[in-house]
Amino acid sequence: MSALLDVILPVFLVIGFGYAAARAALFNDAAADGVMRFAQNFAVPCLLFRSIAQLDLAAAYDMKLFASFYAGALSGFALGYLGARHVFQRSATEAVAIAFACMFSNSLLLGLPITERAYGAEALAGNYAIISIHSPFLYAVGITAMELARSHGTGLTTATLARQILRAIFQQPLILGIMAGFVVNLSGLPLPNFVWSAVDMMVKAAIPAALFGLGGILFRYRPEGDMKAIAMVCVIALIIHPGITYLLGRYAFGLTTAQMRSAVVTASMAPGVNAYLFSHLYGVAKRVTASAVLLATAGSIATVWLWLHILP
């Protein structure tokens, strides 16, 4: 019970404050969009920049860690696609959007604060390693699958597909923050203390602003219909993805305790808002992904508590 009260509920209370403020019309759509834009375009990229710039890459980057987490993510994508396509009879493009929601966990806005509150800031190295390739890799998978589904044999060239993937990836401020962090880390470029002080000021605002803004955003996504497909997304995202990650990490790859915590907690997070944004970008399955983001975020209060008890 202490894990629920001390680790999980404070994070979701901040989300709840944002949700309640939006519900009471004290925090309108424009304000929520503004807070999220500040967080995702400026404050969180600063957080990623600082974290990657100061990360011990040789120690944090472990293929066994990546294999455990991303095998679970890709399994979630495959199961989500097959379920949407063959069980719920969705079109190929809708199935890809639903599958993307199954694999794209909210590694940043939920995974980081919950891991930090549960295990301390020193436990985040594995989280940052996963996050550093999370968006680029999963967006590449999702965009590739979507463009192939949309082409239907119309002759989409490899060069065109590559340009579309790269354009979508490198338009994200989060990716730019990660890349800048790698430049500083690998080059050993010394930055003056006043730069780091300014970055630290932005970093302190990143997670609280993002969580509060997320609450305001989630208020828009009221659950509507398609409950069986939504339930499938929630089960894959909250149980199957972390379950595969746990089994692989413990029995196949022998991850350390710290790596297990980072990988499984990150895998157990609900789909991020990016899952809905991906659907919105292509104009398909928006109702399913929006509702799944909301319901899975609420449901993860219980499932994350369970995973924290299972973890060593």
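What the table shows:
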{"read-out": "The stretch 292-312, subset over 23 Å from residue 119 (Cβ atoms) and crowded, with 24+ Cβ neighbours inside 10 Å, residue nearest to the chain's Cα centre (by Cα)", "value": "293"}
{"read-out": "Odd one out for residue 88 among (1) under 18 Å from the mean Cα position of the chain (by Cα); (2) surrounded by fewer than 24 Cβ atoms within 10 Å (Cβ to Cβ)", "value": "(1)"}
{"read-out": "Residue match in the stretch 230-247 (condition: at pLDDT 95 or above, of a type in the set (A, V, I, L, M) and in contact with a His (Cβ under 6 Å, 6 or more places away or on another chain))", "value": "no"}
{"read-out": "Enumeration of residues in the stretch 232-282 that are aromatic (Phe, Trp, Tyr) and either free of Cβ contacts under 8 Å to residues at least 60 places away in the same chain or part of a helix (DSSP H, G or I) (or both)", "value": "246, 251, 276, 278, 282"}
{"read-out": "Residue in the stretch 22-31 that is within 30 Å of residue 188 (Cα to Cα), buried (at least 16 other Cβ atoms within 10 Å of the Cβ) and not polar (S, T, N, Q) present", "value": "no"}
{"read-out": "Of the criteria (1) surrounded by fewer than 21 Cβ atoms within 10 Å (Cβ to Cβ); (2) of a type in the set (Gly, Ala, Ser); (3) within 28 Å of residue 89 (Cβ to Cβ), which one residue 237 fails", "value": "(1)"}
{"read-out": "Filtered residues of the stretch 126-135 (kept if buried (at least 18 other Cβ atoms within 10 Å of the Cβ) and either touching a Pro at 6+ places or on another chain (Cβ under 8 Å) or farther than 21 Å from residue 309 by Cα (or both))", "value": "128, 129, 130, 131, 132, 134, 135"}
{"read-out": "Within the stretch 45-63, considering residues that are outside any helix (DSSP H, G or I) and among the charged types (D, E, K, R), the one surrounded by the fewest Cβ atoms within 10 Å (Cβ to Cβ)", "value": "56"}
{"read-out": "Residue satisfying all of: in the stretch 137-181; among the aromatic types (Phe, Trp, Tyr) and crowded, with 16+ Cβ neighbours inside 10 Å; nearest to residue 70 (Cα to Cα) among these", "value": "137"}
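The values are calculated or read from the model by the stated rules, or taken from the named source; none is laboratory data. All values derive from a computational prediction rather than experimental measurement. So basically every Cβ, Gly included, is an ideal-geometry build from the backbone, and we count neighbours across all protein chains shown.
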